[in-house]
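> One structure follows; several queries about it will come next.
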Amino acid sequence: MAHHKSAIKRIRRNNSANVRNSQYLSSVRTAVKKFRLAVIAAGEGKGEKEQVRPLFVSAQSMLAKAATKGILHRNNVSRKIGRLSAMLRSAEAGEVAQANVKSAKKSAAVRRAEANQAATLAASEAATKTAAKKAIAAKKVIPGAAAPAAAKTTTKAKKK
């Protein structure tokens with residue numbers, strides 16, 4: 001507990017600023033979320049593309065104000081605005097944007113399963129390549145290729 005009058009006042013001011021900043025940050029997050037949902041809907045054909053740009057402008061404005069007020073760091077805001085503008089461009093182009101990156105995050109088990117699947121696929125491709133190389137080295141007949149032994153016999157037959 002603070003003992004000085006100025007320290008007590010500073011605690012009171014910090015608490016009121018904390019409440020004010022958290023409320024504004026919540027409204028910023030809501031604006032960004034509305035924009036992301038609109039981008040997803042526009043990409044899937046459920047929403048209108050014309051509704052996306054005004055939501056982007058409001059989200060960008062709120063993010064910039066948060067940086068000006070010191071609620072968010074300016075580099076953080078710049079990064080977020082850049083990502084939102086990339087989503088806006090993809091939505092206006094008619095592509096499905098990856099607006100729900102957080103919900104699309106894969107679990108460790110899924111990533112391991114995909115890695116194992118990719119490894120087995122690569123191993124099977126390598127096995128087929130080595131089998132093809134062995135077949136060529138052993139001079140086995142490959143489907144679709146002419147047999148060299150048959151060609152020699154026909155040339156000898158023509159010479160006699």
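A short reminder: the numbers here are calculations on the coordinates, not readings from a lab. As the structure is a prediction and not an experimental result, all values here were calculated from the model. Using ideal geometry, Cβ is built from the backbone for each residue, glycine included, and neighbour counts are taken over all protein chains shown.
> Below 8 Å, C-alpha to C-alpha, sequence gap of six or more: please give me the relative contact order for the range 5-93 in percent. Present the calculation step by step, with values, prior to reporting the outcome.
Values: 54 pairs, mean separation 25.4, N = 89.
Worked out over the range 5-93, it gives 29 percent.
> Using the 10 angstrom Cβ neighbour count as an exposure proxy, how do Val28, Val57, Val19 rank, fewest first? Walk me through the intermediate numbers first.
On the way: Val28 21, Val57 13, Val19 10.
Least crowded to most crowded, the residues run Val19, Val57, Val28.
> Of Ser22, Ser58, how do they rank once you tally other Cβ atoms within 10 Å and put the fewest first? Before the final figure, lay out each step's value.
Working: Ser22 11, Ser58 15.
Final ranking by Cβ density, sparse to dense: Ser22, Ser58.
> Ranking Met87, Met62, Met1 by Cβ neighbours within 10 Å, fewest first, what do you get? Numbers along the way, then the final one.
Numbers: Met87 24, Met62 18, Met1 5.
If I rank by nearby Cβ atoms, fewest first, I get Met1, Met62, Met87.
> Can you work out ³J(HN,Hα) from phi for every residue in the range 107-117, in order, using Karplus 6.51 cos²θ - 1.76 cosθ + 1.60 and θ = phi - 60°, giving whole Hz and x for Gly and Pro?
After applying 6.51 cos²θ - 1.76 cosθ + 1.60, I find 6, 5, 5, 5, 5, 5, 4, 5, 5, 5, 5 Hz.
> Now for a different question. FRET efficiency for Ser27 and His3, Cβ-Cβ distance as r, R0 = 30 Å, nearest 0.05?
On the way: r = 37 Å, r/R0 = 1.22.
Efficiency computed from Cβ-Cβ geometry: 0.25.
> Full-extension gain between Glu48 and Arg13, please, as 0.36 nm times their residue separation minus the C-alpha to C-alpha distance. Don't jump to the answer; show the numbers that get you there.
Numbers: separation 35, 0.36 × 35 = 12.60 nm, distance 4.42 nm.
Separation in residues times 0.36 nm, less the Cα-Cα distance, equals 8.2 nm.
> Here's something else I'd like to know. May I ask you to list the trypsin sites (Lys or Arg not before Pro) in the range 24-58 that are in a DSSP loop and have at most 15 other Cβ atoms within 10 Å of their Cβ?
Working: sites: Arg29, Lys33, Lys34, Arg36, Lys46, Lys49; in loops: Lys46.
Passing both the DSSP loop test and the Cβ count: Lys46.
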